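Undergrad: Below are the structure tokens for one structure; questions will follow.
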Amino acid sequence: MYFWNYSTFLIVFVLFYHQTCYAEFLGLYPYETETRELKSLDGIWNFKISPKDQPKEGFDKNWHESLFDEDDDCMEMPVPSSFNDITTNKTIRDFLGVVWYQRTFFIPKSWFGKKKIIIHFGSVHYLTNVWINKEYIGYHLGGHIPFEFNIEKNVREGINIITVAVNNTLTESSIPQGFTSYPNNTVRYPPGYKLYSHNFDYFDYAGINRPIKLYTTPLCFIADIKILSSLKGSTGYLDFKVVFEPSSANTECIVSLKDKKGLTITTTNSCSATLKIDNVKLWWPINTGYESVGYLYTLEVFMNCDQDYDIYRLPVGIRTIKWNSHNLFINDKPIYLKGFGMHEDADIRGRGFDYSILVRDFNLIKWVGANAIRTSHYPYSEEFLNEADKQGLLVILETPACSLNAFTENLLINHAEILKKMVKYNKNRPSVIIWSLANEPYTNLDSSASYFSYLVNITKTLDKTRPVTFVTSQSFENDKAVKYMDIICVNRYSAWYQDPGHIDLIQHQVINELTSWHENFMKPVIMSEYGAGSVTGLHVIPSSMWSEEYQVEIIDQHKKAYNILRGQGFIIGEMIWNFIDFNTPQEYIRPGQCAKGLFTRNRQPKEAAFKIKKLYQIN
């Protein structure tokens, strides 16, 4: 069953979520091993868009049964990428509705037989329907989250055809939200004119944004691995449990923990046990002065199962997280977060994953001296988080719930489902230290209290080892939900949105407000956003808004306030908005982008980047 009408889909989604055609992801990243083969479906796909105001046409006319390259309106589209900026067509850049992708592929002959064949989507935004060889495979709701289908019954020897329909329409019940209206003003608008908007301030890039992979497993296979690390003196402990399918199978395990050189540290013949690691090398964050930065062991699982076997290797970092009313601790040492909010955003690619951008970004993060980022305002790619694990970057992992302005039952259902997936898929990552439920929700509303209390309970049920937060833009006097959080994250723009031009007020405002947050709720506090926009190359003496000098002065005055607050012992982090300039919807208040980046959109430094590099190296 597939759905072109999103509102109808939401109802059916709630009622029939457990249908077998709904996509799922078991929780292990598709690494290649001796028992698992891997094939990429990235490349140039054929691409079509539905006619304006006729999103149903492709379904009614069964486009999945035809070959797109025989159609005059077919064009090429790279995968992964957002479709918006690839062409020169304004209609495609701003398209809202259903777009269609198609390509052919081959399955290696050796894959047929006693193997499962799985297709893994890194992320498709937003509602996805998939067909292979004209057969309906299933659907998935939500961007920024990986999902999979078993397809061994759908593929064949020879040419296979995959067709993917993507609806990027957001609604009041989607995460994030979008709003459609029909203005009753015939002077300004023709009859039936549709307006579409959303509350978040970044461009809503859409399409197949992340890689697509085919991979195999044995029929009896390792479906998940759950780990929990602890520390006592110089000895580390790793609790693990191997989850296999089918769960009724007769299985035996050989589990080994190996160091970075591949040397075996310890071995057990159990599928669930606690491994002891003498003289453990801990996972430490980057740019904090500790050794063994980003140190990863390898948990190698060899599972025998009914005359079959499977092998999987999980990167493992041994680290602990603790917190109290004043501090956050990594491996029992207090940690101070220095970093920024980011966006998955780049020229031409939009939100499309690109290894070159990934490596460049991590080089810049290390160069500037940061140790932490927030995945504003959605979970980032698996590849980014893999690199964060390896490089020792601390991550506040955030759901796509940005600027929620109502707290309905349908919204809560979808929010909770995405949250569960985010926690489940990233539970083993040493880099992920805080779960963020949302960015700047309207938590001045009374209805937000029970809404976020429920989400906190869900998160704590799944994972008690990490603190939970959301990022607030409300005041400490009117926020109804922040009391349920473990850590308070505050977005505030002194001398920008608030008292623009008055740099002299920054220290007074920052010190007083963050102190009030802490005194009212007795939680540690992070300034999760602050900053100013700067037009690259605009230099003004004395400084004024939008100049590079003004952005530098904003940072300098905030840093002085943070240094004073650190002496009071409750501020645990500062995060500039933003790492890079990024694309936004067309607005008269922005020149085609949000210009608050330390770096330009093509990853070159502004003056502020050199300033923050100096400040982060000092403290």
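The values are calculated or read from the model by the stated rules, or taken from the named source; none is laboratory data. Note that the structure is predicted; figures quoted are calculated from it, not measured. For neighbour counting, all protein chains shown are included, and Cβ atoms are generated from backbone atoms with ideal geometry for every residue, glycine included.
Undergrad: I'm checking my understanding of the structure. Among residues of segment 559-578 that are free of Cβ contacts under 8 Å to residues at least 60 places away in the same chain and not aliphatic (A, V, I, L, M), which one is surrounded by the fewest Cβ atoms within 10 Å (Cβ to Cβ)?
TA: Residue satisfying both the conditions and the ranking: 567.
Undergrad: Might you let me know whether segment 161-178 holds any residue that is modelled with pLDDT of 95 or more, in contact with a strand residue (DSSP E or B) (Cβ under 7 Å, 6 or more places away or on another chain) and farther than 24 Å from residue 53 by Cα?
TA: Yes; the residues of segment 161-178 include at least one that is modelled with pLDDT of 95 or more, in contact with a strand residue (DSSP E or B) (Cβ under 7 Å, 6 or more places away or on another chain) and farther than 24 Å from residue 53 by Cα.
Undergrad: Looking at 581, 556, which is the one that is at pLDDT 95 or above, of a type in the set (Asp, Glu) and buried (at least 18 other Cβ atoms within 10 Å of the Cβ)?
TA: 581
Undergrad: Considering each of 157, 148 in turn, give the residue that is in a loop (DSSP other than H, G, I, E, B), at pLDDT 95 or above and either over 23 Å from the mean Cα position of the chain (by Cα) or surrounded by fewer than 23 Cβ atoms within 10 Å (Cβ to Cβ) (or both).
TA: 157
Undergrad: All but one of (1) part of a strand (DSSP E or B); (2) under 30 Å from residue 345 (Cα atoms) hold for residue 172; state the number of the condition that does not hold.
TA: It fails just one condition, (1).
Undergrad: Next question. Can you find even one residue in segment 70-80 that is over 32 Å from the mean Cα position of the chain (by Cα), closer than 22 Å to residue 133 by Cβ and surrounded by fewer than 12 Cβ atoms within 10 Å (Cβ to Cβ)?
TA: Checked segment 70-80: at least one residue is over 32 Å from the mean Cα position of the chain (by Cα), closer than 22 Å to residue 133 by Cβ and surrounded by fewer than 12 Cβ atoms within 10 Å (Cβ to Cβ).
Undergrad: For the subset of segment 40-69 comprising residues that are touching a strand residue (DSSP E or B) at 6+ places or on another chain (Cβ under 9 Å) and part of a helix (DSSP H, G or I), which member is modelled with the lowest pLDDT?
TA: My answer is 69.
Undergrad: Between a residue in segment 438-450 that is farther than 16 Å from residue 489 by Cα and at pLDDT 95 or above and any residue that is surrounded by 23 or more Cβ atoms within 10 Å (Cβ to Cβ) and not aromatic (Phe, Trp, Tyr), which pairs come within a Cβ distance under 7 Å, given they are 6 or more apart or on different chains?
TA: Within 7 Å, the pairs are 448/441; 448/481; 449/481.
Undergrad: Another question about this same structure. So if I check each of 494, 544, which one is surrounded by fewer than 17 Cβ atoms within 10 Å (Cβ to Cβ) and either touching a residue at least 40 places away in the same chain (Cβ under 8 Å) or closer than 18 Å to residue 439 by Cα (or both)?
TA: Answer to the selection: 544.
Undergrad: Here's another thing I want to ask about it. Whether any residue in segment 516-531 is more than 26 Å from the chain's Cα centre (by Cα) and not in a helix (DSSP H, G or I) is what I want to check.
TA: Yes - at least one qualifying residue is present in segment 516-531.
For every residue, the table says whether it meets (1) in contact (Cβ under 8 Å) with a residue 24 or more places away in the chain; (2) out of contact with any Asp or Glu (no Cβ under 7 Å at 6 or more places or on another chain); (3) under 30 Å from residue 126 (Cβ atoms).
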site: 288; (1), (2), (3): yes, yes, no
site: 308; (1), (2), (3): yes, yes, no
site: 323; (1), (2), (3): yes, no, no
site: 328; (1), (2), (3): yes, yes, no
site: 349; (1), (2), (3): yes, yes, yes
site: 353; (1), (2), (3): yes, no, yes
site: 365; (1), (2), (3): yes, yes, yes
site: 375; (1), (2), (3): yes, no, yes
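Undergrad: Any residue at all in segment 292-304 that's in a loop (DSSP other than H, G, I, E, B) and out of contact with any Lys or Arg (no Cβ under 7 Å at 6 or more places or on another chain)?
TA: Checking segment 292-304: not a single residue is in a loop (DSSP other than H, G, I, E, B) and out of contact with any Lys or Arg (no Cβ under 7 Å at 6 or more places or on another chain).
Undergrad: Residues that are within 19 Å of residue 31 (Cα to Cα), in contact with a strand residue (DSSP E or B) (Cβ under 8 Å, 6 or more places away or on another chain) and of a type outside the set (D, E, K, R): which strands (runs of 3 or more DSSP E) entirely in segment 193-253 hold 2 or more of them?
TA: 212-218, 221-232, 235-245
Undergrad: Using beta carbons and a limit of 9 Å, which pairs, at least six apart or on different chains, have the first residue in segment 47-75 and free of Cβ contacts under 8 Å to residues at least 60 places away in the same chain and basic (Lys, Arg) and the second one assigned to a loop (DSSP other than H, G, I, E, B) and surrounded by fewer than 11 Cβ atoms within 10 Å (Cβ to Cβ)?
TA: Partner pairs satisfying both residue conditions: 48/73.
Undergrad: Here is a follow-up. For residue 119, work out the one condition from (1) of a type outside the set (Gly, Ala, Ser); (2) in contact with a Ser or Thr (Cβ under 7 Å, 6 or more places away or on another chain); (3) surrounded by 21 or more Cβ atoms within 10 Å (Cβ to Cβ); (4) not in a loop (DSSP other than H, G, I, E, B) it doesn't fulfil.
TA: Checking residue 119 against (1) of a type outside the set (Gly, Ala, Ser); (2) in contact with a Ser or Thr (Cβ under 7 Å, 6 or more places away or on another chain); (3) surrounded by 21 or more Cβ atoms within 10 Å (Cβ to Cβ); (4) not in a loop (DSSP other than H, G, I, E, B), the one that fails is (2).
Undergrad: Tell me the residue from 610, 570, 599 that is at negative phi and in contact with a Phe, Trp or Tyr (Cβ under 8 Å, 6 or more places away or on another chain), please.
TA: So the residue among 610, 570, 599 that is at negative phi and in contact with a Phe, Trp or Tyr (Cβ under 8 Å, 6 or more places away or on another chain) is 599.
Undergrad: Do we have any residue at all in segment 442-452 that's buried (at least 23 other Cβ atoms within 10 Å of the Cβ), assigned by TED's automatic domain parsing to the domain that holds residue 395 and not in a helix (DSSP H, G or I)?
TA: Looking through segment 442-452, at least one residue is buried (at least 23 other Cβ atoms within 10 Å of the Cβ), assigned by TED's automatic domain parsing to the domain that holds residue 395 and not in a helix (DSSP H, G or I).
Undergrad: Pairs only if they're at least six apart or on different chains, beta carbon under 9 angstrom, first in segment 237-259 and more than 28 Å from residue 280 (Cα to Cα), second small (Gly, Ala, Ser); list them, first residue then second.
TA: 244/223; 245/223; 247/223
Undergrad: Follow-up question, since we're still on this one. For segment 122-137, indicate whether the set of residues that are among the basic types (Lys, Arg) and either within 30 Å of residue 35 (Cα to Cα) or modelled with pLDDT of 95 or more (or both) is non-empty.
TA: yes
Undergrad: Got a number for residues in segment 385-396 being buried (at least 23 other Cβ atoms within 10 Å of the Cβ), in contact with a helix residue (DSSP H, G or I) (Cβ under 7 Å, 6 or more places away or on another chain) and not in a loop (DSSP other than H, G, I, E, B)?
TA: Going through segment 385-396 one residue at a time, the tally reaches 1.
Matching residues to (1) outside the structural domain of residue 411 (by TED's automatic domain parsing); (2) out of contact with any strand residue (DSSP E or B) (no Cβ under 8 Å at 6 or more places or on another chain); (3) of a type in the set (A, V, I, L, M, F, W, C); (4) crowded, with 21+ Cβ neighbours inside 10 Å:
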| residue | (1), (2), (3), (4) |
| --- | --- |
| 85 | yes, no, no, no |
| 105 | yes, no, yes, no |
| 108 | yes, no, no, no |
| 136 | yes, no, no, no |
| 139 | yes, no, no, yes |
